Amino acid sequence: MQIEKTKEIGFCFGVKRALDILEKAVRDYREVETLGPVVHNQQVINNFSKLGVKVVGNLDQLKGSVVVIPSHGVPPGVIEELKARRFGIIDTTCSVVRKVQMAAKELSDEGFEVIVFGDPDHSEVKGVLGWAGGRGLATLDTEGVPNLGKLPHR
């Protein structure tokens with residue numbers, strides 16, 4: 001068997017889309033802020049920083065008028081708060097992530113408890129759980145799900 005190693009892996013379509021949107025935002029608005037890193041790649045973040053893109057950790061750190069939602073998305077309460085504060089919002093949430101968010105919302109609305117297999121501290125997981133409206137939890141321990149206590153009927 002012959003194994004060939006690629007020179008570079010590249011980005012998924014969701015990340016490519018997010019970076020294209022961010023590039024356009026920089027051209028259109030010059031100074032933009034992202035609510036957390038738009039993608040998880042420090043080299044990319046550093047390059048955008050040189051173009052004037054500022055990464056902020058929370059809503060209270062926002063100083064400008066245009067904010068970019070990262071490709072991993074955010075909970076709906078964050079969007080509502082940004083709208084209430086009259087920020088211009090540029091949403092780069094990946095379409096796959098958006099589908100997961102909508103599934104979490106639909107399941108929660110139907111009375112299901114949503115269990116996400118992922119890091120509870122990861123921004124994407126936090127966002128998905130936000131769309132579950134408080135009817136969900138995240139875990140990295142697949143073996144531990146039966147031990148989570150009395151699970152709801154749905």
Would you say Val67 is β-branched (Val, Ile, Thr), open to solvent by less than 40 Å² (accessible area, probe 1.4 Å), in contact (Cβ under 8 Å) with a residue 12 or more places away in the chain and not in a strand (DSSP E or B)? no
Restricting attention to the range 27-40, which residues are under 14 Å from the mean Cα position of the chain (by Cα) and over 14 Å from Ile69 (Cβ atoms)? His40
Is it the case that the range 140-149 has a residue that's out of contact with any strand residue (DSSP E or B) (no Cβ under 8 Å at 6 or more places or on another chain), open to solvent by 20 Å² or more (accessible area, probe 1.4 Å) and modelled with pLDDT of 90 or more? no
With the first residue restricted to the range 120-144 and required to be on the phi > 0 side of the Ramachandran plot, and the second required to be crowded, with 18+ Cβ neighbours inside 10 Å and among the basic types (Lys, Arg), Cβ contacts under 8 Å at 6 or more apart or on different chains are Gly133/Lys105
Identify, from the list Gln43, Gln2, the residue that is over 17 Å from Ser123 (Cα atoms) and part of a helix (DSSP H, G or I). Gln43
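Would the range 49-60 turn up any residue that is under 25 Å from Gly133 (Cβ atoms) and over 15 Å from the mean Cα position of the chain (by Cα)?
Yes, the range 49-60 contains at least one residue that is under 25 Å from Gly133 (Cβ atoms) and over 15 Å from the mean Cα position of the chain (by Cα).
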Taking the range 80-110 as the search range and keeping residues that are open to solvent by less than 30 Å² (accessible area, probe 1.4 Å) and assigned to a helix (DSSP H, G or I), which one is farthest from Ala25 (Cα to Cα)? Ser108
For the range 7-26, the count of residues that are closer than 18 Å to Val67 by Cβ and open to solvent by 40 Å² or more (accessible area, probe 1.4 Å) equals 5
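The values are calculated or read from the model by the stated rules, or taken from the named source; none is laboratory data. Everything quoted here is computed from the prediction, not taken from an experiment. In this analysis, Cβ positions are derived from the backbone assuming ideal geometry, glycine residues included, and neighbour counts consider all displayed protein chains. Please note that ligands, DNA and RNA were not included when accessible areas were found on the heavy atoms of the full protein model with its side chains. Shrake-Rupley method; radii C 1.70, N 1.55, O 1.52, S 1.80 Å.
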